[in-house]
Amino acid sequence: MEESEFEALAGGVLTKIEQALEAVGADIDYELQAGGVLELEFADGSKIVINRHAAAREIWVAARSGGFHFRYDGDRWIGTRDGAELFAALERLASEQAGERVPLSA
């Protein structure tokens with residue numbers, strides 16, 4: 001995949017994540033920062049950081065429970081370790097850190 005294609009796909013998925021968070025209305029502050037870094041902050045001060053890693057052509061997620069990498073398979077962003085889909089993984093991670101279910105959908 002060319003870098004420009006990756007940047008477009010990664011930028012699109014970060015926008016979808018923002019839209020999903022907005023629709024949920026949970027007590028999660030979020031901000032898309034320069035360079036394609038989306039930072040989620042929870043009521044307890046914990047954070048999830050989602051960023052694009054152009055060199056690896058991956059979306060990287062850092063959460064309290066660990067770090068996760070996702071690669072585009074032509075249809076979805078899939079976890080390189082466990083095969084989890086990005087939005088399903090984010091739903092699980094955000095729910096863990098929020099202490100309540102945070103339903104996200106692609």
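Residue by residue, here is whether (1) loosely packed, with under 12 Cβ neighbours inside 10 Å; (2) at pLDDT 95 or above; (3) out of contact with any Cys (no Cβ under 9 Å at 6 or more places or on another chain) holds:
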{"position": "Ala10", "(1), (2), (3)": "no, no, yes"}
{"position": "Ile17", "(1), (2), (3)": "no, no, yes"}
{"position": "Ala20", "(1), (2), (3)": "no, no, yes"}
{"position": "Gly25", "(1), (2), (3)": "yes, no, yes"}
{"position": "Tyr30", "(1), (2), (3)": "no, no, yes"}
{"position": "Ile50", "(1), (2), (3)": "no, yes, yes"}
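Listed conditions (1) among the basic types (Lys, Arg); (2) modelled with pLDDT under 90; (3) surrounded by 18 or more Cβ atoms within 10 Å (Cβ to Cβ) are all met by Arg101, apart from (3). The criterion of at least 1 residues that are within 20 Å of Gln97 (Cα to Cα) and in contact with a Ser or Thr (Cβ under 6 Å, 6 or more places away or on another chain) is met, among strands (runs of 3 or more DSSP E) falling completely within the stretch 29-75, by 66-72.
For the stretch 52-78, the set of residues classified as within 19 Å of Ala20 (Cα to Cα), surrounded by 12 or more Cβ atoms within 10 Å (Cβ to Cβ) and free of Cβ contacts under 8 Å to residues at least 60 places away in the same chain consists of Arg52, Ile59, Trp60, Val61, Ala62, Ala63, Phe70, Arg76, Ile78, listed by residue number. Please determine, by comparing only the residues of the stretch 79-98 that are among the acidic types (Asp, Glu) and more than 23 Å from Ala8 (Cβ to Cβ), which one is surrounded by the fewest Cβ atoms within 10 Å (Cβ to Cβ). Filtering the stretch 79-98 for residues that are among the acidic types (Asp, Glu) and more than 23 Å from Ala8 (Cβ to Cβ), the one surrounded by the fewest Cβ atoms within 10 Å (Cβ to Cβ) comes out as Asp82.
The values are calculated or read from the model by the stated rules, or taken from the named source; none is laboratory data. Model, not experiment: these values are computed from the prediction. Cβ atoms come from the backbone with ideal geometry, glycine included; neighbour counts cover every protein chain shown.
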